[in-house]
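The values are calculated or read from the model by the stated rules, or taken from the named source; none is laboratory data. Please read these numbers as outputs of a predicted model, since none were measured by experiment. Backbone-built Cβ (ideal geometry, glycine too); neighbour counts: all protein chains shown.
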Amino acid sequence: MTETKFKPIDEQLAYLKKGVAEVIPEAELTAKLNHSRKTGKPLRVYLGVDPTAPDIHLGHTVVLRKLKHFQDLGHTAIFLIGDFSAMIGDPTGQSETRPPLTREQVDTNAKTYLAQVFKLLDPQKTEVRYNSEWLDKLSSYDVVRLCGHYRLARMLEREDFRSRLENNHPISVHELLYPLLTAYDAVVLKSDVEIGATEQKFNLLVHRDIQREYGLPSEVALTMPILVGLDGSRKMSKSLGNYVGITEPPQEMFGKMMSIPDELMWSYYELVTDRTPREIAELKKEVTVGTLHPMDLKMKLAQEVITGFHGEGAARKAAENFQRVFRDRQAPAEMKKIVLKRLPMGISVRTESESATTSHMSPTLSSGPEKWSKLLAYLGEASSASEAERVIKQGAFEIDGSVVKDPTCKLDLNQPGSYEVRVGKKKFLRIVVE
């Protein structure tokens, strides 16, 4: 390796600092990059993720993308799966002790993580590790020695612990161990840089201290902002329903991306795309002078994000579908097809979509007229018949392009026919009665 393997330091810093909340400390990162360039030795950069849930959403990819940026520059990207630490549970942001996960739950989640993260990282250039490799092997003496390197008073300075003490909420001893055990990850990996979300700052600082206690140079802690969800105000979260899942169908992802507030676009461009700060500044300028409409820019954003996870063809198709449905007010070229067939024992229901075909029998639906509200609820296209009636009364229900506001309207299951149905703003169905 030679010095020419790595880009000039100022170019690397500009790329690596894009979207970053804090570099602790920045002077050390500059020094490490300088040493790396002079020696031709890549930095060891890691991101630790506890597989506490099976799926990753766009918010999770903010730190993952920053690891990719180091990888793009020729540094060693280490993706650490916290299969041991997940069973303890990170106390960060918790108001009470969280229930532990079983080994089976963690292993199942870990398998899906790799398939998802390799949509961003190069699998051939990524070092994948599991912290059970070393944490499972620590003896009681090793754990006691590790605990001896940190003061309890400092541990209780962290905001979530302090808040729980003030409110008389219990703290379990194993929660105090979490940042120490994950700090041992940094010791074993001999990491130069660790990436985490801003809410992980306390843990990252503990990791720096423990590395030093074990005679190693302290890593640089690089924190990334929390991605605001689709509601424009709260952290992206599945529990809040304001998320974009990276394994969701492209059209679903596109529709969700188009729902973000205009002012939020810039942080998304910064945090979930590889656009450079200069490119983003140019886009802002075009919007300011009126040569680029915010809606068109948002469509560019959605298409870029989806390309990264589903490919350019799927992203282009999703954009064309959005244009057709929401801007040209036409039905999508492709939609879910539900075939209802009369049989002696009831109605056969066959659902056909781009991804799968399923079928089942419904003894609750009989031949003859059936209320659309009941039918939509039964098919799972509305949460309940009353909810479907509410949608119909609001004029958000169409049959073959005509708005229907009568909640008592019916579909005759005795008469063959095909119907294009819109439910709400985004749901399109083709109902076929055979």
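Any residue in the range 142-154 that's free of Cβ contacts under 8 Å to residues at least 12 places away in the same chain: show its pairings with residues that are surrounded by 10 or more Cβ atoms within 10 Å (Cβ to Cβ) and among the aromatic types (Phe, Trp, Tyr) at Cβ separation under 9 Å, as long as the two are six or more apart or on different chains.
Cβ pairs passing all conditions: Asp142/Tyr184.
If you take the residues in the range 335-349 that are part of a strand (DSSP E or B) and under 17 Å from Pro249 (Cα atoms), which one is modelled with the highest pLDDT?
Step by step, filter the range 335-349, then rank; the result is Lys337.
Going by the conditions given, is Thr291 of a type in the set (Ser, Thr, Tyr) and in contact (Cβ under 8 Å) with a residue 60 or more places away in the chain?
Numbers: of a type in the set (Ser, Thr, Tyr): yes; in contact (Cβ under 8 Å) with a residue 60 or more places away in the chain: no.
No, not satisfied.
Given the criteria surrounded by fewer than 17 Cβ atoms within 10 Å (Cβ to Cβ), out of contact with any strand residue (DSSP E or B) (no Cβ under 9 Å at 6 or more places or on another chain) and either touching a residue at least 60 places away in the same chain (Cβ under 8 Å) or closer than 23 Å to Phe70 by Cα (or both), does Gly311 qualify?
Values: surrounded by fewer than 17 Cβ atoms within 10 Å (Cβ to Cβ): yes; out of contact with any strand residue (DSSP E or B) (no Cβ under 9 Å at 6 or more places or on another chain): yes; either touching a residue at least 60 places away in the same chain (Cβ under 8 Å) or closer than 23 Å to Phe70 by Cα (or both): yes.
It is true that Gly311 is surrounded by fewer than 17 Cβ atoms within 10 Å (Cβ to Cβ), out of contact with any strand residue (DSSP E or B) (no Cβ under 9 Å at 6 or more places or on another chain) and either touching a residue at least 60 places away in the same chain (Cβ under 8 Å) or closer than 23 Å to Phe70 by Cα (or both).
Has the range 194-203 got any residue that is touching a helix residue (DSSP H, G or I) at 6+ places or on another chain (Cβ under 6 Å), modelled with pLDDT of 90 or more, farther than 17 Å from Leu64 by Cβ and aliphatic (A, V, I, L, M)?
no
Table: residues versus (1) of a type outside the set (A, V, I, L, M, F, W, C); (2) within 32 Å of the chain's Cα centre (by Cα).
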site: Phe6; (1), (2): no, yes
site: Ile9; (1), (2): no, yes
site: Leu16; (1), (2): no, yes
site: Ala21; (1), (2): no, yes
site: Ile24; (1), (2): no, yes
site: Glu28; (1), (2): yes, yes
site: Leu33; (1), (2): no, yes
site: Lys38; (1), (2): yes, no
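So which strands (runs of 3 or more DSSP E) stay within the range 380-434 end to end and still have 3 or more residues that are surrounded by 12 or more Cβ atoms within 10 Å (Cβ to Cβ) and not β-branched (Val, Ile, Thr)?
The strands (runs of 3 or more DSSP E) meeting that bar are 410-412, 417-423, 427-433.
Every residue in the range 19-53 that is surrounded by fewer than 19 Cβ atoms within 10 Å (Cβ to Cβ) and touching a Pro at 6+ places or on another chain (Cβ under 7 Å), please.
Answer for the range 19-53, where residues must be surrounded by fewer than 19 Cβ atoms within 10 Å (Cβ to Cβ) and touching a Pro at 6+ places or on another chain (Cβ under 7 Å): just Ala21.
Which of (1) at pLDDT below 90; (2) loosely packed, with under 15 Cβ neighbours inside 10 Å; (3) closer than 25 Å to Glu22 by Cα does Glu104 not meet, given it meets every other one?
Status for Glu104: all satisfied but (3).
Any residue at all in the range 208-219 that's crowded, with 19+ Cβ neighbours inside 10 Å, in contact with a strand residue (DSSP E or B) (Cβ under 7 Å, 6 or more places away or on another chain), modelled with pLDDT of 95 or more and under 26 Å from Gly59 (Cα atoms)?
yes
Within the range 184-202, which residues are farther than 16 Å from Leu222 by Cβ and hydrophobic (A, V, I, L, M, F, W, C)?
Val187, Val188
So Pro225 clears everything in (1) closer than 27 Å to Asn34 by Cα; (2) without any contact (Cβ under 8 Å) to a residue 12 or more places away in the chain; (3) not hydroxyl-bearing (Ser, Thr, Tyr) except one condition, right? Which one?
(2)
Sort out for me the helices (runs of 4 or more DSSP H) sitting completely within the range 108-174 that have 1 or more residues that are surrounded by 12 or more Cβ atoms within 10 Å (Cβ to Cβ), assigned by TED's automatic domain parsing to the domain that holds Thr52 and at pLDDT 90 or above.
132-135, 140-147
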